[in-house]
Amino acid sequence: MTEMTTTCYAHPGRETSLRCKRCDRYICMSCAVSTPTGYICKDCMRERQKSFDTAVWHDFVLGFAIAGLISGVASFLVTLIGGFGFFGWLLVFAGSSAAGGIIAEAVRAVTRKRRSRSLFMTVAGGVIFGALPMLLMQLLGGNIFGLIFQAIYLVVAVPLVYARLSGIQLSR
């Protein structure tokens, strides 16, 4: 009986008996990607990822523009809330999370629920870009509480927008 040695498709010098569960090619452990149902090769993993990235080029432009516009309005409203004392702090936290939800849903509607990690990052950048004018006004005016409120807005809204768009669930 003759033994047949098999080698990795990407690394011909490495012997292996592990196969990709999708394409059935031999793969070594450095080429194997662990999934809940077995190992797949890096090529199959890239193909699998492409099926989740459905965004087209104009989604990036629209997402950034919508996020920047709504974020600019929300940032202006955060500046107005600054004079309400302690109640203002509560309004900033509540308003920031509401603004993040509104931005995420507006972007989701405009992009027709298409997805891509780079789209989510672009939209998060749009939120920051939209808040920059008010942030700079507070900085140049020397308004420390205005800066703090803008920082709170960004710290709450940006991760919330990213999480809502990407489908990250923090709890079940």
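With the highest mean first, a sort of the peptides 138-145, 57-64 on other beta-carbon atoms found within 10 angstrom per residue produces 57-64, 138-145. Taking amide H as placed 1.01 Å from N in the peptide plane, TYR39 has its amide H under 5 Å from the amide H of LYS21, each at least 5 places away in sequence or on another chain. Only one of the listed values, (1) 16.4; (2) 19.0; (3) 21.7, was derived from the coordinates as Kirkwood radius over Cα pairs in Å; which label is it? Here the calculated entry is (2). Size descriptors for segment 122-161: radius of gyration and Dmax over Cα atoms are 10.2, 30 Å.
How would ASP43, ASP53 line up from fewest to most surrounding beta-carbon atoms within 10 angstrom?
ASP53, ASP43
Note on the chain: dipole from Cβ charges, positive end direction compared against GLY100, LEU136, GLN49; the farthest Cα belongs to GLN49.
Could you rank the peptides 146-153, 11-18, 26-33 by their average count of other C-beta atoms within 10 Å per residue, with the highest value first? Before the final figure, lay out each step's value.
Numbers: 146-153: 20.2, 11-18: 12.1, 26-33: 17.5.
Averaged packing, sorted descending, gives the order 146-153, 26-33, 11-18.
Axis of helix 86-110 versus longest Cα principal axis of the chain: the two differ by about 50°, to the nearest ten degrees.
From the C-alpha gyration tensor of segment 1-51, pull out the three semi-axes of the equivalent ellipsoid (sqrt of 5λ each), sorted largest to smallest, in whole Å. Spell out each step's value before the answer.
Values: eigenvalues 98, 23, 15 Å².
Semi-axes, largest first: 22, 11, 9 Å.
Against the main long axis of the alpha-carbon atoms of the chain, helix 117-141 sits at an angle near 30°. Each part gets one Cα centre, and for segment 128-172 versus segment 59-79 those centres are 11 Å apart. To the nearest ten degrees, helix 144-166 and the longest principal axis of the Cα atoms of the chain are 30 degrees apart.
Calculate for the chain the 222 nm mean residue ellipticity that helices alone would give, adding -39,500 (n - 2.57) per DSSP H run of length 4 or more and normalising by residue count, nearest 500 deg cm²/dmol. Kindly include the intermediate steps, with their values, before the conclusion.
Working: 5 runs with 107 residues, N = 172.
Helices in the chain give a 222 nm mean residue ellipticity of -21500 deg cm²/dmol.
The numbers here are math on the coordinates, done by the rules we state, and not lab data. In this text, all values refer to a predicted model and were calculated from it rather than measured experimentally. No Cβ is skipped: glycine too gets one built from the backbone with ideal geometry, and neighbour counts run over all protein chains shown.
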